[in-house]
Amino acid sequence: MPGQWSEATVSAGGKLVGRFPYLISKRAFGLTTCEMPDFVHFLGPAVDEGSGAPCNRALKHAQIVRELYEQIPRVDNFYQRMHRGITDVMVFAEAGLHTLVNFTFEIAPAPEQRIWSEMRDKTRNIIRRAQERYTASDRISPAEFAAFYEANIEKAGHESYYDAEGITRICTAAVDRGRGRILCARAADGSISAAIFCAWDATTCYYLLSTRDRGQDHGATALLIWEAIRHASGMGLIFDFDGLYTRGNRVFFTGFGGVTRPRYVVCRNTLPYRLVDRLGRTLGRFRR
């Protein structure tokens, strides 16, 4: 979606104090939606409320967020999952939006031995066994990663959220800017058993994409996650698992230590959108 996004901004005293990037898309029957762009799992406003007493900063923060949201065009469906810097969504609730909470898992930067010691014994053993079978390497191109990702989705009989071209474009942009890294686990014969893609900003490294050969266990993936955690910690970054959505990944991620953190969600949609969305889901089940 290059070139399709827009941004609401707020300035005070000639200084930019608020930004809220967003993407408006068109749907069937002329409906519009403002949702998370592909590959963007957390978004929301960025605010500089300045200095002063905490109560004054809180009020200024709320006012900036309010002004940002009021600039976003009204759509039939609005859905945003907020980044870690948004600690409440009261302004959105006041505007009539529904507020929800998702969760993610974070590991703070620390000495490697401390992070290792705080992991579950079972997870450490999985990684040790994987180290005997695989070599973690970043010698994999974005195009190779995208092809491996797509092939594994097809083998599993699933429909991919992302196309290979989009994966290649995003990974290339992040790697070229020094803000991303692709890791793969290679077996002794050089074949790839698993691969992951992480991207980072000034504070946090996000575990964005993961794929593995369906004939392999989770050991190769665990090895790559451990390498990514080590890399993030070495840069002084928080490692964010980018969401806890199933019981399975919650159990798997918890084995690496760390803490659960909330990610707030705000949403609102119109009756026509709900009807069309329900119709689409029904037709999808019928086709399957």
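The values are calculated or read from the model by the stated rules, or taken from the named source; none is laboratory data. Since this is a predicted model, take the numbers as computed values, not measurements. Positions of Cβ are generated from backbone atoms using ideal geometry, with glycine treated the same way; all protein chains shown enter the neighbour counts. The accessibility values were calculated without ligands, DNA or RNA, using every heavy atom of the protein model including side chains. Shrake-Rupley method; radii C 1.70, N 1.55, O 1.52, S 1.80 Å.
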Practice problem: Run down the aspartates and glutamates and flag those whose C-alpha is under 13 Å from the C-alpha of K155, throwing out any fewer than 8 positions away in its chain. | Solution: D213
Quiz item: Once you put a point 7 Å from the Cα of A151 and another 7 Å from the Cα of Q4, both along the Cβ direction, what distance in nm separates them?
Solution: 2.9
Quiz item: Considering the stretch 199-288, what Rg and Dmax in Å follow from its alpha-carbon atoms?
Solution: 18.1, 50
Practice problem: Figure the gain on full extension for A187 and R261 (residue separation times 0.36 nm, minus the Cα-Cα span) and round it to one decimal in nm. | Solution: 23.2 nm
Exercise. Name the residues whose placed amide hydrogens come within less than 5 Å of the amide hydrogen of G255, ignoring near sequence neighbours (fewer than 5 apart) on the same chain.
Key: none
Quiz prompt | Globularity ratio of the stretch 45-105, using Cα Rg and 2.2 N^0.38 Å | solution = 1.20
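Using the beta-carbon distance between Y161 and A202 and R0 = 35 Å, what value does 1/(1 + (r/R0)^6) give for FRET efficiency, to the nearest 0.05? Show your work: numbers first, answer last.
On the way: r = 27 Å, r/R0 = 0.77.
For Y161 and A202, the calculated efficiency is 0.85.
With a 1.4 Å probe and every protein chain left in place, work out the accessible area per residue of the chain in Å², rounded to a whole number. If you can, show how the numbers build up before the last one.
On the way: 15860 Å² over 288 residues.
Roughly 55 Å² per residue, with all protein chains present.
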Quiz item: Once the Cα gyration tensor of the stretch 132-172 is diagonalised, what are the square roots of 5 times its eigenvalues, in whole Å and ordered largest first, as equivalent ellipsoid semi-axes?
Solution: 20, 16, 6
Quiz item: Assuming R0 = 22 Å, what is the FRET efficiency of R66 and K26, from their Cβ-Cβ distance, to the nearest 0.05?
Solution: 0.25
Quiz item: What ranking, highest mean first, results for peptides 271-278, 73-80 when packing means the other Cβ atoms within 10 Å averaged over each residue?
Solution: 73-80, 271-278
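At a 1.4 Å probe, what is the % contribution of carbon and sulfur to the accessible area of the chain? Could you put the intermediate results ahead of the total?
Values: 8180 of 15860 Å².
That share works out to 52 percent.
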Quiz prompt | FRET efficiency for S51 and A173, using Cβ-Cβ distance with R0 set to 35 Å, rounded to 0.05 | solution = 0.50
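Can you give me the Kirkwood hydrodynamic radius for the chain, using every pair of distinct Cα atoms, in Å to one decimal? Mind dumping the intermediate values first?
Values: mean 1/r = 0.0475 Å⁻¹.
One over the average 1/r among Cα pairs gives 21.0 Å for the chain.
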Practice problem: Calculate the radius of gyration of the Cα atoms of the stretch 71-156 to one decimal place, then report Dmax, the largest Cα-Cα distance, as a whole number, both in Å. | Solution: 21.0, 55
Practice problem: Measure off 7 Å from each Cα along the Cα-to-Cβ vector at N102 and S11, then give the distance between these two points in nanometres to one decimal. | Solution: 3.3
